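Visitor: Pasting a structure here, questions to come.
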Amino acid sequence: MFINITDSETGNNKASSVKLVEYLEKENKLKANNLQKELWFTGGRHDVSHQEVRVKIDNNIAKLSHSDAKFFLVSISPSEKEIHFLKEKYGHDLLEEKLKEYANSVMDIYAQNFKKESIKAGSNLLWYGKLEHFRYYSNTDEKVKNGESKTGDIKQGEQMHIQIIVSRKDITNKIKLSPKNNSRGKNAKHSAKFGQFDNLSFKENSENLFDQMFEYQRELKDTILFSVTMKNDKVDDKKSLELLNQIGENLKESESEKYFEILENASLENIPLFEDIVEIFSFESLGILNGLLSSKQDRYEDNKNETFKRKRNRLL
């Protein structure tokens with residue numbers, strides 16, 4: 001699952017939303033007049049016109065200055081694996097409906113992430129979603145640069161995703177809310193006034209929501225927990241997740257309950273300790289553990305030797 005918050009795909013969110021709304025109408029413009037067009041949705045409605053979206057977003061800007069952001073774009077992009085899973089579970093006809101239900105719940109998480117007493121759910125926000133079926137090549141894609149595809153060509157594979165325009169102001173047009181305020185409480189006064197948005201927490205909670213809502217069994221290597229941890233500098237956390245990932249790939253049926261219980265409780269704020277994993281998956285109950293630890297130590301020694309060689313060569 002890839003979820004991202006940007007200013008706008010058209011590069012400007014400090015003026016009218018007209019360019020972004022028109023951009024997100026691109027699939028409707030490509031359809032023949034006799035084919036049903038994809039309308040916008042919000043809350044319990046699925047019949048919103050693009051004109052209503054533009055008017056409502058552009059009029060919800062009380063006391064915002066010329067240089068203030070007026071709206072943000074939330075992109076919800078399931079992986080091909082996740083789309084295939086939903087198709088098998090619900091069939092093609094229900095797939096779009098289920099993704100829209102998920103998007104509604106994601107906006108609840110978005111609202112709650114500001115940690116403001118008056119902002120409890122997506123119903124406190126002014127937002128509109130648009131389901132898109134395709135993605136298109138741009139001039140920055142490698143295949144376009146290599147001449148394999150042209151700008152504007154449809155990308156292959158499952159590309160269904162949802163784009164959401166959400167107003168900077170809440171639905172009462174009184175409260176400013178910015179997902180770009182990621183102070184994490186360093187400035188308590190500022191956070192209390194404008195909301196404190198933890199972007200990683202939003203993404204992790206949205207991923208967990210997908211798994212719970214659709215009973216999706218996500219592999220550890222496909223989680224934001226694994227992705228973010230592998231990019232940071234905390235060696236102990238990396239060791240823990242690398243070991244868990246290898247255990248998962250070699251898991252015995254009898255050990256699955258322990259394994260998934262650990263994963264359920266693991267998060268970016270609570271990564272299990274390496275020593276605890278070793279204790280839970282004892283050598284007697286999980287024969288692969290000894291081999292995994294040995295191979296990990298071998299790789300560690302190889303990396304250490306390689307680092308020593310590089311340093312020595314720089315000195316020569």
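Visitor: Given a Förster radius of 35 Å and the C-beta distance between K100 and N232 as r, what FRET efficiency does 1/(1 + (r/R0)^6) yield to the nearest 0.05?
Guide: E between K100 and N232, to the nearest 0.05, is 0.55.
Visitor: Something else: Using only alpha carbon pairs under 8 Å that are at least six residues apart, calculate the relative contact order of segment 33-123 and give it in whole percent.
Guide: The value is 19 percent.
Visitor: What does the net charge come to around S206 if you take all other residues with beta carbon closer than 13 Å to its beta carbon, with K and R at +1 and D and E at -1?
Guide: -4
Visitor: Now, a different point. Would you mind pulling out the separation of the Cα centroids of segment 65-118 and segment 201-220, in Å?
Guide: 12 Å
Visitor: If all Cα-Cα distances of segment 2-195 are sorted into 5 Å bins from 0 onward, what percent lands in each bin, rounded to whole numbers?
Guide: 1, 7, 14, 18, 19, 15, 11, 8, 4, 1, 0, 0
Visitor: Run the reach check for K29 against aspartates and glutamates, Cα to Cα strictly under 13 Å, same-chain hits fewer than 8 apart removed. What comes back?
Guide: Partners found: E38, E132.
Visitor: I would also like to ask the following. Pull up all non-local amide H partners of L126: gap of 5 or more, or a different chain, and H-to-H distance under 5 Å with H placed in the peptide plane.
Guide: Answer set, sorted by chain and number: S167, I171.
Visitor: What is the spin-label model distance, in nm, from D222 to K150 if the labels are put 7 Å beyond Cα along the C-beta direction?
Guide: About 3.5 nm, to one decimal.
Visitor: In whole Å, how far is the Cα centre of segment 130-145 from that of segment 42-60?
Guide: 26 Å
Visitor: A further question follows. What residues qualify as long-range amide H neighbours of K155, i.e. H under 5 Å apart, gap of 5 or more or another chain, H built at 1.01 Å from N?
Guide: Excluding prolines and chain starts, which carry no amide H, the hits are R135, Y136, Y137.
Visitor: Going through the cross-link list K87/K252; K115/K169; K26/K155; K100/K150; K19/K180; K203/K231, which pairs have a Cα-Cα distance over 19 Å in this structure?
Guide: Exceeds cut-off: K87/K252; K100/K150; K19/K180.
Visitor: Once you order the gyration tensor axes a ≥ b ≥ c over the Cα atoms, which shape class does segment 101-147 get: rounded for a/c under 1.5, otherwise prolate or oblate by comparing a/b with b/c?
Guide: It comes out prolate by the Cα gyration axes.
Visitor: Cut-off 16 Å, label point 7 angstrom out along Cα-to-Cβ of A121: give me the residues of segment 165-180 whose amide nitrogen falls inside.
Guide: Zone members listed by number: 171-172.
Here, each number is a calculation from the coordinates, and none is a lab measurement. These numbers come from a predicted model, not from an experiment. Please note: Cβ atoms are built from the backbone with ideal geometry, for glycine as well, and neighbour counts cover all protein chains shown.
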